[in-house]
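Below is one structure, written out as structure tokens; the observations come after it.
The values are calculated or read from the model by the stated rules, or taken from the named source; none is laboratory data. From a predicted model like this one, the values you see are computed outputs, not experimental measurements. When we count neighbours, we look across all protein chains shown, and the Cβ atoms used for this are built from the backbone with ideal geometry, even at glycine. Please note that ligands, DNA and RNA were not included when accessible areas were found on the heavy atoms of the full protein model with its side chains. Shrake-Rupley method; radii C 1.70, N 1.55, O 1.52, S 1.80 Å.
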Amino acid sequence: MIADDKDVLRDVWFGRIPTCFTLYQDEVTEREAEPFYLLLPRVSYLTLVTDKVKKHFLKVMKAEDVEEIWFEYEGTPLKWHYPIGLLFDLHASNTSLPWSITVHFKNFPERDLLHCPCNSVIEAHFMSSIKEADALKHKSQVINDMQKKDHKQLWMGLQNDKFDQFWAINRKLMEYPTEEGGFRYIPFRIYLTMSDRPFIQKLFRPISPDGHTHTLGDLLKEVYPVAIANEAKRYQVVIHGIEPLLETPLQWLSEHLSHPDNFLHISVIPAPSD
């Protein structure tokens, strides 16, 4: 891996979103709840990094007024099993910072959110994503050859925000035989704010049958052509808060801009009207 590429991995890992958490106005408190500010890691999960937020608000609440914590942005419940950076790109891309998230302890929206009673639920979700990604990339050979402790190291690296610990194992998931020029299939999901389906996911190879390198533009043309239709730019295609050039090779994106769960999470959002 080239040195500059290693910097890309670091920049992705250490991406942060300044966030202001406020308690929902109808929650019952004993005294006024001050907002709580936090730099959220883009690559982590809301329920994994908000213990401090929870403790902060519990100080002003009675135990009987507290049920399962959940988060919402402008009326949209935030799915904790989506990486934080994806939630921001999808729902709040063109708003001013800090991102303002509302905290709830009542009326859990069963239809919109999965329950998250403990960290092992997050770990199970995270590991199943990694396994699904490796099934696409290497027919599961790499992840199955690893030991249990390697799996644990991936999770602990994410949970404890340890870049080197995580990448010592994750780099094996990013390797492929030189003669193949890339993974078998690229693990990606395309999310649309203007659609009821949660995301688009299809089999897509990084290299065409005639040996041509597929780009981000090729993927969109095949899977969601509306995103790059030529009229006045109606949509932004965002990964980790940036709009990569459509000419960027998909294999490079998969190796460098995937989330720790090994998927490329791509948001297609309406372009801001000036």
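Table for the structure above
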| item | result |
| --- | --- |
| Within segment 59-72, considering residues that are surrounded by 15 or more Cβ atoms within 10 Å (Cβ to Cβ) and modelled with pLDDT under 95, the one nearest to Phe263 (Cα to Cα) | Trp70 |
| Test: residue in segment 224-231 that is open to solvent by 20 Å² or more (accessible area, probe 1.4 Å), in contact with a strand residue (DSSP E or B) (Cβ under 9 Å, 6 or more places away or on another chain) and at pLDDT 90 or above | no |
| Leading residue by the ranking (surrounded by the fewest Cβ atoms within 10 Å (Cβ to Cβ)) among those in segment 146-157 that are within 18 Å of the chain's Cα centre (by Cα) and among the aliphatic types (A, V, I, L, M) | Met156 |
| Close pairs (9 angstrom Cβ cut-off, 6 or more residues apart or separate chains): under 13 Å from Phe21 (Cα atoms) and in a loop (DSSP other than H, G, I, E, B) in segment 38-60, open to solvent by 10 Å² or more (accessible area, probe 1.4 Å) and small (Gly, Ala, Ser) anywhere | none |
| Residue among Ile143, Ile130 that is touching a Lys or Arg at 6+ places or on another chain (Cβ under 6 Å), under 30 Å from Thr50 (Cα atoms) and either open to solvent by less than 60 Å² (accessible area, probe 1.4 Å) or in a helix (DSSP H, G or I) (or both) | Ile143 |
| Residue match in segment 158-173 (condition: touching a strand residue (DSSP E or B) at 6+ places or on another chain (Cβ under 9 Å), in a helix (DSSP H, G or I) and open to solvent by 70 Å² or more (accessible area, probe 1.4 Å)) | no |
| Of all residues making up segment 207-216, the number that are open to solvent by less than 20 Å² (accessible area, probe 1.4 Å) and at pLDDT 95 or above | 1 |
| Test: residue in segment 127-143 that is over 27 Å from Phe14 (Cα atoms), modelled with pLDDT under 95 and either in the same structural domain as Arg189 (by the TED database) or among the polar types (S, T, N, Q) (or both) | yes |
| Residue list for segment 174-194, restricted to those being open to solvent by 30 Å² or more (accessible area, probe 1.4 Å), closer than 15 Å to Leu136 by Cα and not in a loop (DSSP other than H, G, I, E, B) | Glu180 |
| Enumeration of residues in segment 50-94 that are touching a Gly at 6+ places or on another chain (Cβ under 8 Å) and aromatic (Phe, Trp, Tyr) | Phe88 |
| Matching residues, segment 82-97, being assigned to a loop (DSSP other than H, G, I, E, B) and either in contact with a helix residue (DSSP H, G or I) (Cβ under 7 Å, 6 or more places away or on another chain) or under 20 Å from Asp11 (Cβ atoms) (or both) | Pro83, Ser93, Leu97 |
| Inter-residue pairs, beta-carbon under 6 Å, first among the charged types (D, E, K, R) and in segment 94-115, second surrounded by 14 or more Cβ atoms within 10 Å (Cβ to Cβ), 6+ apart | Asp112/Pro77 |
| Subset of segment 98-120 [assigned to a helix (DSSP H, G or I) and within 24 Å of Ile17 (Cα to Cα)] | Asn119 |
